[in-house]
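Reading through the structure tokens given below for one structure.
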Amino acid sequence: MNKLYDTHCHIDFKVFNNDRGPVVKNASEAGVERFMVPGVSAEQWPRLQQHVEQFPSWRFALGLHPWFIKQHNRHQLSELEQALSNQHKRLRAVGEIGLDATCDNADLQRELFIEQLKLAKQFRLPAIIHHRKTLETTHPLVKQYGPESGVIHAFSGSYEQAMKFVDCGYKLGVGGVITYPRAQKTRQAIAKVPLSALVLETDSPDMPICGHQGERNEPARVAKVLEALADLREMSKDSLSEVLWKNSCELFNDAPPASNGHVSG
Ligand SMILES: [Zn+2]
């Protein structure tokens with residue numbers, strides 16, 4: 001079985017309240033050994049941390065997500081700074097942060113994004129970056145204010161757009177998008193970028209894979225994303241998953257591979 005890391009899932013959300021344990025167990029039976037669960041709002045952070053205490057396989061991030069812009073305010077930036085300085089050992093990133101052109105309040109979005117990028121840099125943590133019709137405006141901000149590493153969550157865009165972020169040291173989150181044949185531009189980009197820039201994710205409960213539209217997405221399906229990516233990159237699932245596991249651990253400063261460089265399992 002391939003050892004997998006779901007680098008982006010919201011399994012702390014209420015929609016998993018009735019079966020969170022079984023969902024995590026299902027995923028681990030599919031090979032998913034680690035989960036990165038990003039923060040979305042100051043209100044959610046304490047609840048997220050409670051869940052983290054129950055599941056040793058979870059890593060987490062704290063951030064103010066643009067979808068919840070109406071709940072955010074500038075004071076929460078100091079709360080974030082305080083939380084980051086507590087240095088919980090499984091707090092591994094600042095996120096989920098970013099710009100979303102389909103949400104209101106573009107000025108506040110931009111201000112919060114910049115300030116959170118600066119905090120990530122200050123605490124030497126990677127940033128988990130959300131984008132929607134904003135890749136072009138996101139890049140210069142990441143370059144100017146962002147930390148040395150991070151991930152463009154649910155990357156969708158061209159090869160040229162991908163490489164701008166890869167050249168900044170950022171990774172690209174590969175999820176259900178590549179399972180849709182119509183996503184040609186993104187599929188072509190993902191097929192071509194350096195393998196060292198890729199990590200897998202599901203974005204559960206969102207972004208169902210092809211054939212499961214309308215269903216709640218789950219981290220177990222990251223195994224299906226691996227399959228699609230192996231096809232796209234013309235690689236075996238075994239060698240691909242080994243590289244992706246290493247990329248993910250590197251991204252979130254997680255247990256390094258064994259000293260002989262070989263990832264077992
Ligand atoms: Zn997300």
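The values are calculated or read from the model by the stated rules, or taken from the named source; none is laboratory data. All figures in this text were calculated on a predicted structure; none of them were measured in a lab. Neighbour counts are summed over all protein chains in view; Cβ atoms, including those assigned to glycine, are modelled from backbone coordinates with ideal geometry. For accessibility, only protein heavy atoms count, side chains too; no ligands or nucleic acids. Shrake-Rupley method; radii C 1.70, N 1.55, O 1.52, S 1.80 Å.
Of note:
- Model label sites at Gln82 and Arg20, defined 7 Å from Cα along the beta-carbon direction, differ in position by 2.3 nm.
- Cα gyration tensor shape of region 130-236, rounded if a/c is under 1.5, else prolate or oblate by comparing a/b with b/c: prolate
- Exceedance of the 18 Å cut-off in Cα-Cα distance is limited, within the set Lys3/Lys224; Lys3/Lys164; Lys70/Lys133; Lys118/Lys246; Lys171/Lys237, to Lys3/Lys164; Lys70/Lys133; Lys118/Lys246; Lys171/Lys237.
- DSSP loop trypsin sites (Lys or Arg not before Pro) with at most 14 other Cβ within 10 Å excluded, longest remaining stretch of the chain: 1-73
- Per-residue SASA entry for Thr137, accessible area with 1.4 Å probe, Å² rounded to 10: 80
- Estimated FRET transfer efficiency (Glu234, Glu33; beta-carbon r; R0 35 Å; 0.05): 0.85
- Global geometry of region 166-218, whether rounded, prolate or oblate, following the gyration tensor of its Cα atoms and the 1.5 cut on a/c: oblate
- Accessible surface for region 125-265, divided over its residues, is 44 Å² per residue with a 1.4 Å probe.
- From the C-alpha gyration tensor of region 1-95, square roots of 5λ in Å: 25, 14, 11
- FRET efficiency for Asn73 and Asn253, using Cβ-Cβ distance with R0 set to 25 Å, rounded to 0.05: 0.25
- Note: the chain, Cα convex hull, 123 Å³ per residue.
- Two-site FRET efficiency, Val243 against Glu111, from Cβ-Cβ distance with R₀ of 41 Å, rounded to 0.05: 0.65
- Counted charge near Met207, where neighbours are those whose Cβ lies closer than 14 Å (Asp, Glu -1; Lys, Arg +1): -3
- GluC sites (Glu not before Pro) within region 88-154: DSSP coil, no more than 16 neighbouring Cβ in 10 Å: Glu148
- Expected 222 nm ellipticity per residue - DSSP helices of 4 or more, -39500 (n - 2.57), all of the chain, to 500: -12000 deg cm²/dmol
- Our summary gives the chain a relative contact order of 20 percent, counting only alpha carbon pairs under 8 angstrom and 6 or more residues apart.
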